[in-house]
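Data first, discussion second: the structure below is written as structure tokens.
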Amino acid sequence: MPESVDTRFALYPGSFDPFTYGHLDILERALRLFERIEVTVAVNTGKEAGLFAPEERCELIRRCTHHMDGVSTTTFEGLLVDHARDQGAGVLLRGLRQVKDFDYEFRMAFANRKLHPDLETVFLMTSEQNAFVSSTIVRDVHRWGGDLSKFVPTPVAEALEAKREQS
Ligand code: ADP
């Protein structure tokens, strides 16, 4: 018997350390397809501490998406399929930048399907101008004091600037 899931409700999981124009681009596209999207900031205790703490990442995402109806943001630690079940979400949303992303995404999507057969993974492609933007590049440019205004929305750029002044 298929599980009851809402296919108009998508989870958009990731590290978002920090949230970029690439992420925003995917969200804007996805809002044309889904009624509700939860940006799920994955808390990975195994990984070393990120640039921003998970709660800070959430707060920045909220500031970048406050004008978008239907978007919510939360942190989550654990198995994503369990969270999707609890929330009744029918879709996992992932973005694709380049062919290189595909191998990992393909394996994740199959693993998640084994764990939750009624949860569909949906991939969206970003626009060309955001295809090279990644959180890793943002962290590198930030480390060396470069201009980030083309990579991240203003609230994130300001938070990065404040971080630089602190350190
Ligand atoms: P993860 O840590 O799981 O790689 P990220 O925080 O980097 O997650 O990204 C979350 C999701 O957003 C992933 O599906 C990733 O492929 C996608 N994404 C990140 N940057 C871009 C971009 N520039 N264009 C399209 N999708 C992107």
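Brief remarks on what is shown
- The calculated FRET efficiency for R8 paired with S167, based on their beta-carbon distance and R0 = 30 Å, is about 0.10.
- Gaussian network model of the chain, springs between alpha carbon atoms under 10 Å - residue of T73, T136, T126 with greatest fluctuation: T136
- Counted residue by residue at 0.36 nm each, then reduced by the alpha carbon distance between them, the extension gain from A111 to K150 reaches 10.6 nm.
- Taking the chain as a Gaussian network of alpha-carbon nodes connected by springs under 10 Å, the highest mean-square fluctuation of the residues K150, K100, K114 belongs to K100.
- Comparing V133, V152, V99 in a Gaussian network model of the chain, where Cα atoms under 10 Å apart are tied by springs, the biggest mean-square fluctuation is seen for V99.
- Signed unit charges on C-beta, dipole axis of region 6-166, positive-most listed residue G78, W144, F106: F106
- 3J(HN,Hα) along region 13-19: x, x, 8, 6, 10, x, 5 Hz, from the Karplus curve 6.51 cos²θ - 1.76 cosθ + 1.60 with θ = phi - 60°, whole Hz, x for Gly and Pro.
- Area of D25 that stays accessible when all protein chains are in place (1.4 Å probe, Å², to 10): 20 Å²
- Cα long-axis angle, helix 154-166 against the chain (0 to 90 degrees, to the nearest 10): 50 degrees
- Kirkwood radius and radius of gyration were both taken over the C-alpha atoms of region 6-166, and their ratio Rg/Rh is 0.95.
- Think of it as helices only: each DSSP H run of n ≥ 4 in the chain is worth -39500 (n - 2.57), and spread over all residues that comes to -12500 deg cm²/dmol at 222 nm.
The values are calculated or read from the model by the stated rules, or taken from the named source; none is laboratory data. As the structure is a computational prediction, the values presented were derived from the model and not from experiment. A quick note on method: Cβ atoms are made from the backbone with ideal geometry, for glycine too, and the neighbour counts reach across all protein chains shown. To get the accessible areas, we keep the full protein, side chains included, count just its heavy atoms, and leave off ligands, DNA and RNA. Shrake-Rupley method; radii C 1.70, N 1.55, O 1.52, S 1.80 Å.
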